Amino acid sequence: MADSVIPDPARIRALVAEHGAPLLLLSTQTVRQQYRKLAQALPGVQLHYALKPLPHPAVVKALDEEGARFDLATNGEVDIVRQLGIAPERCIQTHPIKRDSDIRYCLDYGTRTFIFDNPWELPKFLPYKDQVELLMRLSFRNKDAQCDLSAKFGVNPSEAHELLRKAVGMGLKVRGLSFHAGSQLQNNFKYVEAIGFCRQLFNLAALDGIALDTLDIGGGYPVHYTEPVMPIHYYCHPIAAELERLFPGVRLIAEPGRFISAPAMTLVASVMGKSERQGRMWYYLDDGLYGSYSGKLYDHCDYPFLPLAKLEGKHGAERLSVVAGPTCDSIDVMYNDIMLPEMECGELVVSPMMGAYTWASATEFNFFPKTTIVVID
Ligand SMILES: Cc1ncc(COP(=O)(O)O)c(C=O)c1O
């Protein structure tokens, strides 16, 4: 949990007394610190915070004050930046698949940079040819990443040159290339390989008279959940060096999401009920897999978990336990066979590192509402 910042237990108890449980405690100071760390590790790269892991106005506002830019994928995300008065030229729209109405929504706001990764997307831009600037997304498969985003998006590198020529041949303005090397990616050399391929494509394009001037290296930067990861400065060192060597003078973009938001939010939930089943203690929390722990399913993520009493150093002997969510579905189990001190109904538990792809993908199944986010600083 090296990246996490758990609020003081007394503060947690006071916040629950004020707002009730469950709660997601959001620290905008942590958001700022994460942004600064990444900005230092990737000098000269324009960081566009990808709103999808935590599309919360307080996060966007704090990052705007830090000088960040923004990566938008949907009209709802456009609404958030618009309401906060973010300059549209500080944003890019990165969803490879769009409806005409999505393109128009973004252009009405004033954001002009879009992504494409297939020939069927290109005619959609023709009515707005004089306004849009495009980046072509490449697919670099990566089965080791927690989420291999190139499985769904990006043109195969072997077809990329032809697609680029097609787009330019249709009179569209293509400014550069983009990729997403995989989310929560441990292997930083995957970026280095991708950057090398992009250089070759820049060179091939130049031979065709196509002058590309932008490279977008996407998101993916990992954080410490339950397993340690390389400190971000070391992680980015070979990436920054390769960018400096191969792309001098080129506009460089990154789209970090998880790295900025994951450590910034801590979940506090309470034990709604307990039982003993087949020799294990079962604890049913007021938040679960259909709620803030949805990332366990969708993001393939495992979050730290501990009773608040343990943080305070007040706990008894541990027993083999199961931790489940509040809904009536039996899939709604977060931790199987975990050693925990015996807890009573009403006791509080915490999961730090819950800022990315958690609340954002939570549902309201069984009418358990999405957990309230409280900004704590
Ligand atoms: C296009 C794009 N950019 C950036 C991100 C953020 O990635 P990460 O949270 O791994 O930094 C995503 C995640 O889905 C994405 O799809």
For this session: Compare the peptides 31-40, 261-270, 289-298 by average per-residue count of other Cβ atoms within 10 angstrom and give them in order, highest first.
Result: 261-270, 289-298, 31-40
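What size of dipole, in debye to the nearest 20, comes out for the chain about its Cα centre when the only charges are +1 on Lys and Arg C-beta atoms and -1 on Asp and Glu C-beta atoms? It would help to have the intermediate numbers written out before the result.
Numbers: 37 positive and 44 negative charges, 140 e Å.
The calculation lands at about 680 debye.
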Problem set entry | Amide proton proximity set for ASP286, modelled H, under 5 Å, gap of 5+ | SER270, MET272
For this session: Report, in degrees rounded to the nearest 10, the 0 to 90 angle that the Cα long axis of helix 157-169 makes with the longest principal axis of the chain.
Result: 50 degrees
Problem set entry | In order through the stretch 276-292: 3J(HN,Hα) via Karplus (6.51 cos²θ - 1.76 cosθ + 1.60), integer Hz, x for Gly, Pro | 10, 9, 6, x, 10, 7, 10, 10, 9, 8, 8, 9, x, 5, 7, x, 5
For this session: Kindly express, to the nearest 10 degrees and within the range 0 to 90, the angle between helix 189-207's C-alpha long axis and the longest C-alpha principal axis of the chain.
Result: 20 degrees
Seminar exercise, completed: Filtered hits (aspartates and glutamates, Cα-Cα < 19 Å from LYS274, offset >= 8 within chain) -> ASP286, ASP287, GLU318, ASP329, ASP332, ASP337, GLU342, GLU344, GLU347
Exercise. Among the DSSP beta bridges whose two residues both lie in the stretch 264-375, what percent are antiparallel, rounded to the nearest 5?
Worked result: 80 percent
Exercise. How much length is gained if the chain between ILE331 and PHE189 is pulled fully straight, taking 0.36 nm per residue apart and subtracting their Cα-Cα distance, in nm to one decimal?
Worked result: 47.5 nm
Problem set entry | Karplus-derived 3J(HN,Hα), 6.51/-1.76/1.60, for each residue of the stretch 226-238, Hz, glycine and proline x | 10, 10, x, 10, 5, x, 4, 5, 5, 4, 7, 3, x
Problem set entry | Residue among VAL229, VAL174, ALA240 farthest towards the positive dipole end of the chain, charges placed on Cβ | VAL174
Exercise. Per residue, how many Å² of accessible area does the stretch 270-377 show with a 1.4 Å probe?
Worked result: 45 Å²
Problem set entry | Spin-label model distance (nm) - MET170 vs THR372, 7 Å beyond Cα toward Cβ | 4.9 nm
Seminar exercise, completed: In whole angstrom, the spacing between the Cα centers of the stretch 114-178 and the stretch 32-108 equals 20 Å
Exercise. Among 149-155, 369-375, how do they line up from the highest to the lowest mean number of other beta-carbon atoms within 10 Å?
Worked result: 149-155, 369-375
Exercise. So how far, in whole Å, is the C-alpha centre of the stretch 239-299 from the one of the stretch 201-224?
Worked result: 28 Å
Exercise. Ignoring ligands, DNA and RNA, what percent of the 1.4 Å accessible area of the chain is carbon and sulfur?
Worked result: 52 percent
For this session: Relative to the compact-globule scaling 2.2 N^0.38 Å, provide the ratio for the alpha-carbon radius of gyration of the chain.
Result: 1.06
Problem set entry | 3J(HN,Hα) from dihedral phi, the stretch 12-23, Karplus parametrisation 6.51/-1.76/1.60, rounded to Hz, x for glycine, proline | 4, 4, 5, 5, 5, 4, 7, 10, x, 10, x, 9
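Could you give the length gained on full extension between ALA151 and VAL5, defined as 0.36 nm per residue of separation minus the Cα-Cα distance, in nm? Don't jump to the answer; show the numbers that get you there.
Details: separation 146, 0.36 × 146 = 52.56 nm, distance 3.29 nm.
So the chain would gain 49.3 nm between ALA151 and VAL5.
The values are calculated or read from the model by the stated rules, or taken from the named source; none is laboratory data. Values in this document were obtained by computation on a predicted structure and should not be read as measured data. Note that we place each Cβ from the backbone using ideal geometry, even for glycine, and neighbour counts take in every protein chain shown. Ligands, DNA and RNA are excluded from the accessible area calculation, which covers all protein heavy atoms including side chains. Shrake-Rupley method; radii C 1.70, N 1.55, O 1.52, S 1.80 Å.
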